[in-house]
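Asks: One structure, pasted below without further comment.
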Amino acid sequence: MFENIVQLLPEIRKALGETFYMMFFTLGIAALLGIPLGTLLYLIRPGSVIKAPILYRLLDMFVNLVRSFPFLILMIAIIPFTRMLVGTAIGTTAVIVPLAISAIPDFARLVEQTLLEVNRGVIEAAESMGASTRQIIWKVLYREARSGIVNTATIISISFLSYSTVAGLVGGGGIGDFAIRYGYYRYQLDVMAFTVLLIIVMVQLIQTVGNYAVRKLDKRN
């Protein structure tokens, strides 16, 4: 029963490495750009700290537009842009481009919602003491919402782990590509079952680490 799996262990290790590579850079880019974008959306939304209704509507529309694209369609639609950016439209590095483009607005929207949960009274108290917008962001918003932001990162990690498996349909590498090549095309059901088990274990690990970090950062604990 395990003969195919043992023979394919080098390929499995390679596929896991490619998946972690995609996830690391995708989540890094999503956090680097998504947190500032989500913060900006929060700051300029009607009734918030900064009054910029037109800019908010434009950014809100842009975020909703990108989020509305199914990932597979987005991945195919931006092939010319991906090729221009990384020199190829096939492979693990190429898949990071559509993954990041899809992850950034999702991360931003979740960050915005997390910041909305911050007690408005705390923000008003900081404003009354003369805190600048920068101080409100770093010393109030992020400090109060840090556990929620980590929870957002956990949610995005799990969602885009499944997206990275879809990338296997276009030769993107990773555990999804491995499952398609060996579990589906070669109809090796034991390999497919083992791959699904690996993905389940990865999801559980991500969620466990995320929950631990949230508990540690939550001020209510």
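The values are calculated or read from the model by the stated rules, or taken from the named source; none is laboratory data. Worth saying up front: this structure is predicted, and the values here are computed from it rather than measured. Backbone-built Cβ (ideal geometry, glycine too); neighbour counts: all protein chains shown. In case anyone asks, the SASA skips ligands and DNA or RNA and just uses the protein heavy atoms, side chains included. Shrake-Rupley method; radii C 1.70, N 1.55, O 1.52, S 1.80 Å.
Asks: Using protein chains only and a probe of 1.4 angstrom, how many square angstrom of K216 are accessible, to the nearest 10?
Replies: Surface accessible to solvent at K216 totals approximately 140 Å².
Asks: Would you kindly state how much longer the chain becomes between L205 and S48 on full extension, computed as 0.36 nm times their sequence separation minus their alpha carbon distance, in nm to one decimal?
Replies: On the way: separation 157, 0.36 × 157 = 56.52 nm, distance 3.69 nm.
Extra length from L205 to S48 when fully extended: 52.8 nm.
Asks: With θ taken as phi - 60° and the coefficients 6.51, -1.76 and 1.60, list the Karplus ³J(HN,Hα) couplings across the stretch 31-40 in order, rounded to whole Hz; mark glycine and proline as x.
Replies: Listing the rounded values in order: 5, 4, 9, x, 5, x, 5, x, 5, 4 Hz.
Asks: Right, next: Take the Cα radius of gyration of the stretch 63-131 and divide it by 2.2 N^0.38 Å, with N its residue count; two decimals is plenty. Numbers along the way, then the final one.
Replies: Numbers: Rg = 18.3 Å, N = 69, 2.2 N^0.38 = 11.0 Å.
So the stretch 63-131 has a normalised radius of gyration of 1.66.
Asks: On to the next question. With a Förster radius of 45 Å, plug the Cβ-Cβ distance of L189 and R83 into 1/(1 + (r/R0)^6) and report the FRET value to the nearest 0.05. All intermediate terms of the calculation are to be shown ahead of the outcome.
Replies: On the way: r = 36 Å, r/R0 = 0.80.
In this case the efficiency is close to 0.80.
Asks: Something else about it: Just tell me which lysines come within less than 22 Å, Cα to Cα, of K216; anything on the same chain fewer than 8 places away is out.
Replies: K139
Asks: If each residue of separation counts as 0.36 nm, what is the full-extension length gain between L32 and I76 once their alpha-carbon separation is subtracted?
Replies: On the way: separation 44, 0.36 × 44 = 15.84 nm, distance 2.43 nm.
Result: 13.4 nm gained on full extension.
Asks: A further question follows. Using only Cα positions of the stretch 1-92, each an equal point scatterer, no hydration layer, compute I(q)/I(0) via Debye at q = 0.20, 0.21, 0.24 Å⁻¹ and quote the log10 values to two decimals.
Replies: Summing over Cα pairs of the stretch 1-92 leads to -1.09, -1.13, -1.21.
Asks: So, one more: D for the chain, whole µm²/s, Stokes-Einstein with Kirkwood Rh over alpha-carbon pairs at 10 °C and 1.306 mPa s: what number?
Replies: Roughly 83 µm²/s, to the nearest whole number.
Asks: Please compute the length gained on full extension between I158 and L217, using 0.36 nm multiplied by the number of residues separating them and subtracting their Cα-Cα distance.
Replies: Values: separation 59, 0.36 × 59 = 21.24 nm, distance 1.99 nm.
Contour length minus Cα-Cα distance gives 19.2 nm.
Asks: If you take the charge dipole of the stretch 144-221 about its Cα centre, with +1 on Lys and Arg Cβ and -1 on Asp and Glu Cβ, which of I180, L205, G148 is farthest toward its positive end?
Replies: G148
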